Amino acid sequence: MKFDIIIIGGGLVGASLTVALKDSGLKMALVESRLPAPLPDDASWDSRIYAISPGSASFLQEHDVWQKLDRSRFSPVSEMAIFGDDHASHLNFNAYDIGMSELAFIAENRQLQTAVWDSLESPAGNVEVVCPVQCTSIVWHESHVDVQLADGNLLQTALVVGADGVNSWVREQAGIEFSKYAYEQIGLVANFSTEHSHRHIAYQWFRRDGVLAFLPLPDNRVSMVWSTTEAQATELRELSEAELCQRVAEASEHTLGELQLITPPVGFPLNFVHVKELVKPRLALIGDAAHGIHPLAGQGVNLGLRDTRELVKTLNERGLQTDCGDYRLLRRYERARKEDILALELVTDGLQKLFANKNPTLTRLRNLGFEITNQLPLLKNRLIQHALN
């Protein structure tokens, strides 16, 4: 079977790329090893939550994905309140200050996955979804790429797109160099109902033991992301429900009053991944296969969706170039993405290291930086405009 593009990885980023190119005239295959989990029959909440920027929401809406979401299952963010670890310094971002109605939308992973896969199933003769099946080998040739599947089928394509996550098999097969180190932290996530209304405010506390965030969900609910030490994450997971609620309420300075647990805490290790190259002849990387950043800025999935948007633009504006895997064409995509990726890598990695440092002088300086930034509207607006994309 011959294709113009084979996308390996059917998560939100890879599936969104497939949907966005459905009307491009390019023949595509989306290869994914697992079918997305169906939405549950009950009203339970997903532990995995994304902060979707207005730019990402507009992109998904443009391709008829956003409209498929259940409006009762996601919440806008109109304000962000960020606190330093001295219990005094703070930084506030407000959507209305920059003429926007919201800074982000908080949505469940499985709702987004279901919406984008529903869009894949609508009539499109140029898209073939190959799932569930694993790839066993990739062989690059000068004129094409052979992708061997575990079911015995051999696919041939002009371009392979690796969208298979932070531990990308595609990246490994291509021999692309990357640097990776562990933060020795766990991202602990859980959902809570709250005594007081969050008023569509996202909260973040930079603490001596990590970074705690509350992301607003519909009604009086929040999604917690606590990036903390491995030892503390283990301790928190072993607490009873009542004890965990009390610990999280204390850590959040009782901002939203008493808490009740909705979903049990789930932890995932936090790593930094810098990929040396995003493209090679007949290969492009997007999403977590192309970068891995600390979640303290809540921008991981948006960074991946910006990869998708740029690759769509590159392919749609290729002009008379008929070869999607041409290296010079793919280099346009890489050059367009390098600055954005590097900027977020430096900011998130720098902030993590800054707040993990116990030096008392740095402690005073970093909290002073919050206060200074909060008093400079032009700087605040510049910071937030980037996050809106």
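Here is a yes/no grid of residues against (1) touching a residue at least 12 places away in the same chain (Cβ under 8 Å); (2) acidic (Asp, Glu); (3) more than 20 Å from Cys135 (Cβ to Cβ); (4) outside any strand (DSSP E or B):
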{"residue": "Gly10", "(1), (2), (3), (4)": "yes, no, no, yes"}
{"residue": "Val19", "(1), (2), (3), (4)": "yes, no, yes, yes"}
{"residue": "Lys22", "(1), (2), (3), (4)": "yes, no, yes, yes"}
{"residue": "Ala29", "(1), (2), (3), (4)": "yes, no, no, no"}
{"residue": "Ser58", "(1), (2), (3), (4)": "no, no, yes, yes"}
{"residue": "Leu91", "(1), (2), (3), (4)": "yes, no, yes, no"}
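Restricting attention to segment 73-89, the residues that are touching a helix residue (DSSP H, G or I) at 6+ places or on another chain (Cβ under 6 Å) and either at pLDDT below 95 or surrounded by fewer than 19 Cβ atoms within 10 Å (Cβ to Cβ) (or both) add up to 4.
Highlighted here are the strands (runs of 3 or more DSSP E) found entirely within segment 150-232 that include at least 3 residues which are more than 15 Å from Phe268 (Cβ to Cβ) and within 20 Å of the chain's Cα centre (by Cα): 178-194, 201-207, 210-217. Counting just the residues of segment 26-48 that are over 20 Å from the mean Cα position of the chain (by Cα) and among the charged types (D, E, K, R), which one comes out farthest from Gly325 (Cα to Cα)? In this case the residue turns out to be Asp42.
Residues checked against (1) at pLDDT below 95; (2) within 30 Å of Ile138 (Cα to Cα):
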position: Gly162; (1), (2): no, yes
position: Gln185; (1), (2): no, no
position: Tyr203; (1), (2): no, no
position: Arg207; (1), (2): yes, no
position: Phe214; (1), (2): no, no
position: Arg221; (1), (2): no, no
position: Ser227; (1), (2): no, no
position: Glu235; (1), (2): no, no
position: Ala249; (1), (2): no, no
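Restricting the first member to segment 357-378 and to residues that are within 20 Å of Asp97 (Cβ to Cβ) and β-branched (Val, Ile, Thr), and the second to residues that are outside any helix (DSSP H, G or I) and modelled with pLDDT of 80 or more, the beta-carbon pairs closer than 7 Å and six or more apart or on different chains are Thr373/Leu91. Any residue in segment 320-339 that's in contact (Cβ under 8 Å) with a residue 12 or more places away in the chain: show its pairings with residues that are surrounded by 13 or more Cβ atoms within 10 Å (Cβ to Cβ) and assigned to a loop (DSSP other than H, G, I, E, B) at Cβ separation under 6 Å, as long as the two are six or more apart or on different chains. Cβ pairs passing all conditions: Gly325/Arg282; Tyr327/Pro281; Leu329/Arg318; Glu334/Leu278.
Looking across segment 344-367 at every residue that is aliphatic (A, V, I, L, M) and modelled with pLDDT of 80 or more, the one that is surrounded by the most Cβ atoms within 10 Å (Cβ to Cβ) is identified as Leu344. The criterion of being farther than 30 Å from Trp140 by Cβ and either part of a helix (DSSP H, G or I) or in contact with a Phe, Trp or Tyr (Cβ under 9 Å, 6 or more places away or on another chain) (or both) holds for Thr348. Assigned to a loop (DSSP other than H, G, I, E, B), surrounded by 13 or more Cβ atoms within 10 Å (Cβ to Cβ) and out of contact with any strand residue (DSSP E or B) (no Cβ under 6 Å at 6 or more places or on another chain) - does that describe any residue in segment 307-321? The answer is yes; a qualifying residue exists. Restricting Arg318, Arg309, Arg328, Arg382 to those that are farther than 28 Å from Asn92 by Cα and under 27 Å from the mean Cα position of the chain (by Cα) reduces the list to Arg309. Looking only at residues in segment 52-93 that are aliphatic (A, V, I, L, M) and under 26 Å from Asn357 (Cβ atoms), the one that is farthest from the chain's Cα centre (by Cα) is Ala88.
Table: residues versus (1) within 30 Å of Ala242 (Cα to Cα); (2) surrounded by 23 or more Cβ atoms within 10 Å (Cβ to Cβ); (3) of a type outside the set (A, V, I, L, M); (4) touching an Asp or Glu at 6+ places or on another chain (Cβ under 9 Å).
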position: Leu155; (1), (2), (3), (4): no, no, no, yes
position: Val160; (1), (2), (3), (4): no, yes, no, no
position: Gly165; (1), (2), (3), (4): no, no, yes, yes
position: Gln173; (1), (2), (3), (4): no, no, yes, no
position: Lys180; (1), (2), (3), (4): no, no, yes, no
position: Gly187; (1), (2), (3), (4): yes, no, yes, no
position: Ile201; (1), (2), (3), (4): yes, no, no, yes
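Do we find a residue being basic (Lys, Arg), modelled with pLDDT of 95 or more and over 16 Å from the mean Cα position of the chain (by Cα) anywhere in segment 17-25? Among the residues of segment 17-25, not one is basic (Lys, Arg), modelled with pLDDT of 95 or more and over 16 Å from the mean Cα position of the chain (by Cα), which makes the answer no. Residues of segment 278-298 that are assigned to a loop (DSSP other than H, G, I, E, B) and surrounded by fewer than 23 Cβ atoms within 10 Å (Cβ to Cβ): Pro281 alone. A Cβ distance below 6 Å, combined with a sequence gap of six or more or placement on separate chains, defines the contacts here; from segment 237-260, residues that are closer than 18 Å to Gln185 by Cβ reach residues that are outside any helix (DSSP H, G or I) in the pairs Arg237/Pro265; Val248/Leu259; Ala251/Leu212. Scanning segment 126-153 for residues that are under 12 Å from Met1 (Cβ atoms) and in contact with an Asp or Glu (Cβ under 6 Å, 6 or more places away or on another chain) gives no hits. Entry remark, segment 102-149: residues being outside any strand (DSSP E or B), surrounded by 16 or more Cβ atoms within 10 Å (Cβ to Cβ) and among the aliphatic types (A, V, I, L, M) number 6 in total.
The values are calculated or read from the model by the stated rules, or taken from the named source; none is laboratory data. A quick note: this is a predicted structure, and the numbers were derived from the prediction, not measured. Note that each Cβ is placed from the backbone with ideal geometry, even for glycine, and that neighbours are counted across all protein chains shown.
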